[in-house]
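The values are calculated or read from the model by the stated rules, or taken from the named source; none is laboratory data. The structure presented is a predicted model; accordingly, all values stated were derived computationally and were not measured. Because the Cβ atoms are built from the backbone with ideal geometry, glycine has one as well, and the counts that use them run over all protein chains shown. When the accessible area is computed, the model is the full protein with side chains, heavy atoms only, and any ligands, DNA or RNA have been set aside. Shrake-Rupley method; radii C 1.70, N 1.55, O 1.52, S 1.80 Å.
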Amino acid sequence: GVGLIEVYLDAAPTENPLLNFSVRALSSAGEQSLTAGFVVEGDGPQPLLIRAIGTGLTSYGVAMPMTNPVLLLQDQYGTTQEFESVTETARAAANQAGAFEIRSDLGNVGTQLFLEPGIYTATVRGDPGIVLLEIYGLDP
């Protein structure tokens, strides 16, 4: 099925009001891909950690994890970046954010980015399976 979750922050601005957003779903390729939209605000590039966790979920008792997630990040102008592994900077950022550790092998994706203010879409596709998409706001 299709679900929509909207999160709005209605508070005094801080340096980084978003701590974490995550969604877990059964996902695959094409129209069955897990997709989440988000907005980056601020005066300049904001540091984010974005992860798509497939096989890393097995240690938490999740059956049928996605074995080969691919993370696509698209900005409001249609520019798309593709990620297929966990970068070393993502591992360090996960530690800073307090996120659980994931292995760097096939089945998990993670990247740390500095994104300009704008509208973004994160999409996870791959073989059918359960995947966790996480977006963390990091301290500048």
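Points to keep in mind about this one:
- Any hit, the range 88-97, residues being assigned to a loop (DSSP other than H, G, I, E, B) and either open to solvent by less than 20 Å² (accessible area, probe 1.4 Å) or at pLDDT below 95 (or both): no
- Residue match in the range 62-77 (condition: touching a residue at least 60 places away in the same chain (Cβ under 8 Å), assigned to a helix (DSSP H, G or I), in contact with a strand residue (DSSP E or B) (Cβ under 9 Å, 6 or more places away or on another chain) and farther than 26 Å from Asp139 by Cβ): no
- Qualifying residue in the range 7-29 (condition: among the small types (Gly, Ala, Ser), open to solvent by 50 Å² or more (accessible area, probe 1.4 Å) and either within 18 Å of Ile135 (Cβ to Cβ) or modelled with pLDDT of 95 or more (or both)): yes
- Residues located in the range 98-111, provided they are open to solvent by less than 50 Å² (accessible area, probe 1.4 Å) and either of a type in the set (A, V, I, L, M) or not in a loop (DSSP other than H, G, I, E, B) (or both): Ala99, Ile102, Asn108, Val109, Gly110, Thr111
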